[in-house]
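To start, the structure itself, in C-alpha cells.
The values are calculated or read from the model by the stated rules, or taken from the named source; none is laboratory data. On a predicted model such as this, the values are computed, not experimentally measured, just so you know. Cβ placement follows ideal geometry from the backbone for every residue including glycine, while neighbour counts extend to all protein chains displayed.
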Protein chains: 2
Amino acid sequence: MTVGIVGAGQLGRMLALAGYPLGQDFLFLDRTDDTPGAKVAPSLRGEFTDRRLLRELARRSEVITFDWENVSVESLAALGRRTRIAPPLAALAASQDRLSEKRLFDRLGIPTTRYAAVDSRASLLRAVKRIGLPGVLKTRRMGYDGKGQSVLRRLDDLDAALATMGGQPAIYEEFVPFDFEVSIIGARSTRGEVAIYPLNGNVHRDGILRVTRSPHGTAALQRRAAGHLRRMLGHFDYAGILNIEFFVRRGRLVANETAPRVHNSGHWTIEGAETSQFENHLRAILGLPLGSTAARGHAAMVNLIGTMPGREALLAIPGLHLHDYAKAPRPGRKLGHCTLVAANPAARERRLRRLLRLVDRGA
Amino acid sequence: MTVGIVGAGQLGRMLALAGYPLGQDFLFLDRTDDTPGAKVAPSLRGEFTDRRLLRELARRSEVITFDWENVSVESLAALGRRTRIAPPLAALAASQDRLSEKRLFDRLGIPTTRYAAVDSRASLLRAVKRIGLPGVLKTRRMGYDGKGQSVLRRLDDLDAALATMGGQPAIYEEFVPFDFEVSIIGARSTRGEVAIYPLNGNVHRDGILRVTRSPHGTAALQRRAAGHLRRMLGHFDYAGILNIEFFVRRGRLVANETAPRVHNSGHWTIEGAETSQFENHLRAILGLPLGSTAARGHAAMVNLIGTMPGREALLAIPGLHLHDYAKAPRPGRKLGHCTLVAANPAARERRLRRLLRLVDRGA
C-alpha cells in the first residue's frame, strides 16, 4: 500500500502527511537526500531519468505520482503499461510545453491569450507583428515561478529577449493587462468522480505566488472556470488534482497555464476546506471516494519566501497555521506558507494585514 | 529541533504528523520497530527503562515527551536536570497510581469517588463496609482501557475480585451510577499560557472509549470542569496537554481519572477544533504561543476497534475523516478512528448513525 512520488519537495511532503491518516505508505525519488519529503518518508536518491531507480520505485508502489511537472515523460512512459501512473502522462506532457498547453486550451474551447510559436528571429518578428506589443516571450519548456520569461514593450527589446531564450524553442504571447488572477483546482478519481474547489484569487510578486484568497470571485466566474476544468479532466480521463490559472479581465477568464498536480494556490485547503487537495489527490489516484471540497470559511494563504519569519511571532497571530517545509533559506525560495481561516472576509483581511506586516519585515 | 517521544503508538504518530508542519523533527523510543510512530519518524528500539537508549534520546532531543503514562518515572528522572521533560514527571507519577491520583483530586478540591487503599483481604473488607456495595476494586498501577478492574456487587464477590488483583496494591472505589461521562482537555505552555477545549461527551463499551461528541454539556459544566483542569495545570506548573475524565451524576462532576498526555477523547480536535490537541501539546512543551481551542462545528469521533471497516465504505460517508494507525488487527485493539464535523448536532447525529452502522457491521 505504497504511493511512489517522483520529486520530494514540499508538495510531496504535504501529500505524505495527508496520506498517512489514510493508512498509506510513501516512497520518494529525488536527486538529493536533503529534501522536505525525505524528512517524513523513505526516499530513493538519483536522477528523475534513472531507469533502474524508476523501476524500483514502480516495483515498490501500487501507483506512481509526481510532485512537479518537469519530470521526464519519456522515462515514466518507459516503465510500461503495467505501472499505474497518475495523473496521466498525456496531461503531464501537455503542461510541459507552453505550445501544447495553448493548443490544448484552444481544442477544449478554453479562452486563452493569443500566441505564436517562435524558433527564430524571423518567426518572433512575424509573431510581434501579428499579436502586437507589449507581449511576453517564454521558453516552451522548464518554466516555472516566472523563470524563462521576457517582456517585450518595444521592437527594440526583441534581440535582448531572444538572447535570454538561448536558442530554445519559445512562444510569443500577447500581454494581458488583467484585473486579477484566479486559479481553479479540482480532483477527478479513477472512477470518474469529480470534485471542484472554490476559486482562488492569486497575487504574484516577481513571478512567484505570494497570497491566495479563497473563496474568491463571483458565482458566475466560479461556474465558468469549473466548466473549463471539467472539460480538461474529462479530456484526459484524468486521475488526481488538476489546476488551471486564469487572468480575469473585465469579468472574462483568459487561461494562462495548467498544472497536473497539487498546486500552491490550493494550500489553503488543508485548513480551509473540508478535505485538502493533498488528501483528494490521493483519494483520486487510489480510486477512493472523493472528499468534500466545501470551504470551511474564508481562507488566505501567504507564501514564506527567501527567509523564515520567527516561528513564535507567526504563531502568535490568532488562527494562524504554519507549514514549514524544512528547507534551507535562499533568496526567492519557497520555505513555507501560512494559512488563516476566518468566519468572514473582513476578519480574514484584518489578520492577513498583520501577517503580511510580519512577513514583509522578515523579507 | 527534535522532540523525543517515549512510546511510538498512535498518539506519538499523530504528534509527529501535527509537528512536521511546525518545522519540528521527531525521534521515538519503543520496544518494537513495528509501531504506528516508526512509520512516520525515526525510532530507537529498546525497553522504556533502558538508560543508554534514554540518554541517546535525550542527547538527540531538545525536549522529551511521552505518548502513554505507563513509562518509568524513575528511568526518566535518572536523566537528570539537564534533560527537559514535559509534561512534568510529578504529574506522570500521580497518574500512574490510582491512590496518588485520588489524593491529588482531594488536595485540589476536585470532587471524586469515595475510595480506600487495599493491600489485603482485611483492608478490602473494611473498605467495603465503609464505602458500601456495589464498588470497584482496581489495581493501583498499570490500568488502562478498563484493564485491572473488578466490580463487587455482593460480599461474595470479594475473594474472586481479590484473586484477579494477584496481590498487587489496589484501591476500592464506590460505584458511581452516572448519567454520562465527560472529559476536559487543555494545554498549558512553559510560559504559563492556558487554553482549554470544549467538553467531550464520552461513551465507553467494554471499558474502551467508543464515541466522543464535542462540544458537549452545559456552559456551567464546561466552566466547572475547566476550573478543575486549571487548578491541576497550575499545581504542577504543567507544560503540555492534560486530561481529566469525570462521571456526571445529576449535573455534578465526579473526577474518575487524569492523564498527563494527549488523549483519545481529544482526537476530534484534529478536524473539529481550530488547533488540534497534538499541535497544542507541541506548542506548549516548546514554549510557543498556544493555538485557538475553539470548535469548528459539532464533532463526533468513533474509535475503530479490533477490525477495520473497508476504507472505501468509510470514505463514502460525507465529511468523514479517517485516521488509520497502520496497526495489525487484534481483538480489542484500537486500529484507528473517524471524525465527523457538522454544522449542527442534528446533522452530526445523522452522519454518526450511518458511521456506527458500518463500524458495528465490521465488528
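Is it true that residue A:2 is among the β-branched types (Val, Ile, Thr) and away from chain B (no Cβ under 14 Å)?
On the way: among the β-branched types (Val, Ile, Thr): yes; away from chain B (no Cβ under 14 Å): no.
The answer is no for residue A:2.
Checking residue B:265 against (1) under 29 Å from residue A:283 (Cα atoms); (2) within 14 Å of another protein chain (Cβ to nearest Cβ); (3) not in a strand (DSSP E or B), only one condition comes out false. Which one?
For residue B:265, the exception is condition (2).
When the residues of region A:322-363 are filtered to those that are among the aliphatic types (A, V, I, L, M), within 16 Å of residue A:210 (Cα to Cα) and out of contact with any Leu (no Cβ under 7 Å at 6 or more places or on another chain), which remaining residue is surrounded by the most Cβ atoms within 10 Å (Cβ to Cβ)?
Ranking the candidates gives A:356 first.
Checking residue A:156 against (1) in the same structural domain as residue A:349 (by TED's automatic domain parsing); (2) modelled with pLDDT of 90 or more; (3) of a type outside the set (A, V, I, L, M, F, W, C), which test does it fail?
Looking at each condition in turn, residue A:156 falls short on (1).
Examine region A:280-300 for a residue that is away from chain B (no Cβ under 12 Å) and at positive phi, and state whether such a residue exists.
no
Exactly one condition in (1) within 13 Å of chain B (Cβ to nearest Cβ); (2) within 21 Å of the chain's Cα centre (by Cα) is not met by residue A:320; state its number.
That leaves (2) as the condition not met.
May I ask you to list the residues in region B:149-194 that are closer than 21 Å to residue B:94 by Cα and surrounded by 20 or more Cβ atoms within 10 Å (Cβ to Cβ)?
B:170, B:171, B:172, B:173, B:182, B:183, B:184, B:185, B:186, B:187, B:188, B:189
Only one residue in B:97, B:67, B:50 is assigned by TED's automatic domain parsing to the domain that holds residue B:31, within 24 Å of residue B:231 (Cα to Cα) and among the acidic types (Asp, Glu), so which one is that?
B:67
Would you tally the residues in region A:20-61 being within 14 Å of chain B (Cβ to nearest Cβ) and β-branched (Val, Ile, Thr)?
Narrowing region A:20-61 to residues within 14 Å of chain B (Cβ to nearest Cβ): A:20-28, A:33-43.
Right, trim to β-branched (Val, Ile, Thr) and you get A:35, A:40.
The number of residues fulfilling the criteria is 2.
Name the single residue that is farthest from residue B:25 (Cα to Cα) among those in region A:300-347 being β-branched (Val, Ile, Thr) and out of contact with any Cys (no Cβ under 9 Å at 6 or more places or on another chain).
Among those residues, the one meeting the criterion is A:341.
Which of the numbered conditions does residue B:312 fail, given that it passes all the others? Conditions: (1) touching a strand residue (DSSP E or B) at 6+ places or on another chain (Cβ under 9 Å); (2) within 14 Å of chain A (Cβ to nearest Cβ).
(1)
What are the pairs with Cβ atoms under 6 angstrom where one residue, in region A:299-311, is more than 14 Å from residue A:361 (Cα to Cα) and the other, located anywhere, is modelled with pLDDT of 95 or more and assigned to a loop (DSSP other than H, G, I, E, B)? Sequence gap at least six, or different chains.
As it stands, the answer is A:299/A:268; A:301/A:267; A:301/A:268, since those pairs meet every condition given.
Against the condition without any contact (Cβ under 8 Å) to a residue 60 or more places away in the chain, under 30 Å from residue B:241 (Cβ atoms) and either surrounded by 15 or more Cβ atoms within 10 Å (Cβ to Cβ) or under 24 Å from the mean Cα position of the chain (by Cα) (or both), how does residue B:97 come out, does it pass?
yes
List the number of the failed condition for residue B:270; all other conditions in (1) surrounded by fewer than 24 Cβ atoms within 10 Å (Cβ to Cβ); (2) of a type in the set (A, V, I, L, M, F, W, C); (3) part of a strand (DSSP E or B) hold.
Failing condition for residue B:270: (3).
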